[in-house]
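Q: Take this structure, written in structure tokens, and hold onto it; I'll ask about it next.
The values are calculated or read from the model by the stated rules, or taken from the named source; none is laboratory data. Keep in mind the model is a prediction, meaning the values are calculated, not measured. Note that each Cβ is placed from the backbone with ideal geometry, even for glycine, and that neighbours are counted across all protein chains shown.
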Amino acid sequence: MSDATTRLVDAYYAAWGSGDFDGLGRILTDDFEFRGAIDRADGPAAFVELIRRNAPTFGDVGFADVRRVVDGPRAVSLYTFQVGQARVPMAEAFEVRGDRIARIDLYFDPAQLMAAGGG
């Protein structure tokens, strides 16, 4: 299961990073849940809409110091989100069910992102 989890998390970041929002929606379960420090979404369509709505706010983004821990159907990615002048430490927890992502929880200090004008 760890290999499948790794492949799904990689596919998530590839789709997100390339703007393939339809592809992103296809790797989420029908009852997908997203919980973040600022937003939340229930279902793949709501999550894709959330990303579409927020993407222009960020502009060019980057990820630095990326690390990942995978344990069966769960994974946590730790990274520094780079948007504008901001460097915001983030942790993103994934839960995989079968061949799709069932839940993502995103943790960060919203004040750091807001101070940089991203979000």
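Q: Looking only at segment 26-36, count how many residues are over 12 Å from the mean Cα position of the chain (by Cα) and crowded, with 16+ Cβ neighbours inside 10 Å.
A: 3
Q: Could you please find all residues in segment 53-68 being surrounded by 13 or more Cβ atoms within 10 Å (Cβ to Cβ) and either at pLDDT 95 or above or more than 16 Å from Y107 (Cα to Cα) (or both)?
A: Within segment 53-68, N54, A55, F58, V61, R68 qualify.
Q: Find all pairs meeting these conditions: Cβ atoms under 9 angstrom apart; at least six residues apart or on different chains; first residue within segment 46-70 and closer than 16 Å to R103 by Cα; second residue assigned to a helix (DSSP H, G or I) and at pLDDT below 85.
A: Pairs that qualify, where the first residue is closer than 16 Å to R103 by Cα and the partner is assigned to a helix (DSSP H, G or I) and at pLDDT below 85, are I51/W16; V70/S2.
Q: Then there is this: Give all pairs with beta carbons closer than 6 Å in which a residue from segment 71-95 that is closer than 14 Å to Y12 by Cβ and touching a residue at least 24 places away in the same chain (Cβ under 8 Å) meets a residue that is in a strand (DSSP E or B) and among the small types (G, A, S); count only pairs at least 6 apart in sequence or on separate chains.
A: F94/A75
Q: Please go through (1) in contact (Cβ under 8 Å) with a residue 12 or more places away in the chain; (2) part of a helix (DSSP H, G or I); (3) surrounded by 13 or more Cβ atoms within 10 Å (Cβ to Cβ) for D22 and return the number of the only condition it doesn't satisfy.
A: (3)
Q: Still on this structure, I have one more. Confirm whether L50 is within 17 Å of T5 (Cα to Cα), surrounded by 14 or more Cβ atoms within 10 Å (Cβ to Cβ) and of a type in the set (A, V, I, L, M).
A: So L50 fails the test.
Q: Please name all residue pairs, on different chains or six or more residues apart, with Cβ atoms under 7 Å, provided the first residue is in segment 3-17 and is surrounded by 17 or more Cβ atoms within 10 Å (Cβ to Cβ) and the second residue is in a helix (DSSP H, G or I).
A: Partner pairs satisfying both residue conditions: Y12/L24; A15/G23; A15/L24.
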